[in-house]
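The values are calculated or read from the model by the stated rules, or taken from the named source; none is laboratory data. On a predicted model such as this, the values are computed, not experimentally measured, just so you know. So basically every Cβ, Gly included, is an ideal-geometry build from the backbone, and we count neighbours across all protein chains shown. Accessible surface areas use protein heavy atoms only, side chains included; no ligands, DNA or RNA. Shrake-Rupley method; radii C 1.70, N 1.55, O 1.52, S 1.80 Å.
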Amino acid sequence: MLSVKNIAVFVSGGGTNLQALIDAQERGEIRNGRITYVLASNDKAYALQRAEKAGIEHEVVSRKAYASSEEYDAAILAALENRSIDLIVLAGFLSILGPTVIEQYRNRIINIHPSLIPLFCGDGFYGKKVHTAVLASGMKVTGATAHFVNEITDGGAIILQKAVPIEQGDNEDILQYRVMRQAEWEILPKAVSLFCEDRIRIVGNRTVILGDRNLENKE
Ligand code: GAR
């Protein structure tokens, strides 16, 4: 039998994706996993209050307190030590994780990104900047992506994606909220549950989801 997986959620801001994970957990939709720890990169993150309210242990490991990304990585690894974390979820975590954390948690870090990767992603594309670029492109559809994290920013294997329409009259705020509501808050908890159920296989830079008839090759 699979042992229940311990999930650490990393946040920097409002924490609506953390809230979606907490709500999914309360509905029993994170099968075989539980959020045991929330780490924030700054003490202003409203996500900390969401963790507090849900009774989840939380801590600030401030990016500003460390001179280099190497020192920040070491502080993150120290914070995770002895917590038996099986999965790290980046839920609006806006600091870049360095190679030592990525190596130690290889294929065990999931990020949510507010576009259809490989579009509008990589260095400099985060938060509302993504939606500003999407609107400037004139595209009629965007979406969100849950993916594994590797050394390439937003370059790891894609787990789930969902498309969202762009409507006339949208601005960054309207589009950001629609992408969150229609895509991010749905696919992030699903991807986390699939991981905890051990249903994701990585093949090269792609994933195969076990036991999903809709995604299986019917040839
Ligand atoms: C979300 O839209 C998330 O996809 C994005 O930041 C927002 C955080 O909101 N993340 C990135 O852009 C990462 N490249 P939240 O704090 O309310 O979850």
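Values as computed for the structure displayed
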read-out: Residue, least open to solvent (accessible area, probe 1.4 Å), within the stretch 79-99, restricted to residues that are over 18 Å from the mean Cα position of the chain (by Cα) and in contact (Cβ under 8 Å) with a residue 24 or more places away in the chain; value: 79
read-out: Residues being within 15 Å of the ligand (Cβ to nearest atom) and open to solvent by 70 Å² or more (accessible area, probe 1.4 Å) - total across the stretch 1-15; value: 0
read-out: Qualifying positions in the stretch 116-129 - under 22 Å from residue 11 (Cβ atoms) and free of Cβ contacts under 8 Å to residues at least 40 places away in the same chain; value: 120, 121, 122, 123, 124, 125, 126, 129
read-out: Test: residue 105 is among the hydroxyl-bearing types (Ser, Thr, Tyr), under 15 Å from the mean Cα position of the chain (by Cα) and more than 12 Å from the ligand (Cβ to nearest atom); value: yes
read-out: Of residues in the stretch 125-152 being open to solvent by 50 Å² or more (accessible area, probe 1.4 Å) and near the ligand (Cβ under 10 Å from one of its atoms), the one nearest to residue 176 (Cα to Cα); value: 128
read-out: Restricting the stretch 183-205 to residues that are open to solvent by 60 Å² or more (accessible area, probe 1.4 Å) and within 23 Å of residue 92 (Cα to Cα), the residue that is farthest from the ligand (Cβ to nearest atom); value: 205
read-out: Members of the stretch 79-95 that are within 12 Å of the ligand (Cβ to nearest atom) and either in contact with a Ser or Thr (Cβ under 7 Å, 6 or more places away or on another chain) or over 15 Å from residue 150 (Cβ atoms) (or both); value: 89, 91, 92, 93, 94, 95
read-out: Residue in the stretch 158-175 that is in contact with a Pro (Cβ under 6 Å, 6 or more places away or on another chain), over 22 Å from residue 88 (Cα atoms) and within 14 Å of the ligand (Cβ to nearest atom) present; value: no
read-out: Criterion violated by residue 18 - all others in (1) in a loop (DSSP other than H, G, I, E, B); (2) buried (at least 21 other Cβ atoms within 10 Å of the Cβ) satisfied; value: (1)
read-out: Pick from the stretch 27-78, criterion of a type in the set (Asp, Glu) and under 16 Å from residue 9 (Cα atoms), ranking: least open to solvent (accessible area, probe 1.4 Å); value: 73
read-out: Subset of the stretch 57-78 [part of a strand (DSSP E or B) and either touching a residue at least 60 places away in the same chain (Cβ under 8 Å) or within 16 Å of the ligand (Cβ to nearest atom) (or both)]; value: 58, 60
read-out: Long-range neighbours under 8 Å by Cβ, at least six apart or interchain, first residue on the phi > 0 side of the Ramachandran plot within the stretch 6-29, second of a type outside the set (Phe, Trp, Tyr) and within 10 Å of the ligand (Cβ to nearest atom); value: 15/45; 15/47; 15/50; 15/91; 15/92
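Conditions (1) at negative phi; (2) at pLDDT 95 or above; (3) touching an Asp or Glu at 6+ places or on another chain (Cβ under 6 Å); (4) of a type in the set (A, V, I, L, M, F, W, C), marked per residue:
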position	(1), (2), (3), (4)
69	yes, no, no, no
73	yes, yes, no, no
80	yes, yes, no, yes
91	yes, yes, no, yes
96	yes, no, no, yes
103	yes, yes, no, no
114	yes, yes, no, no
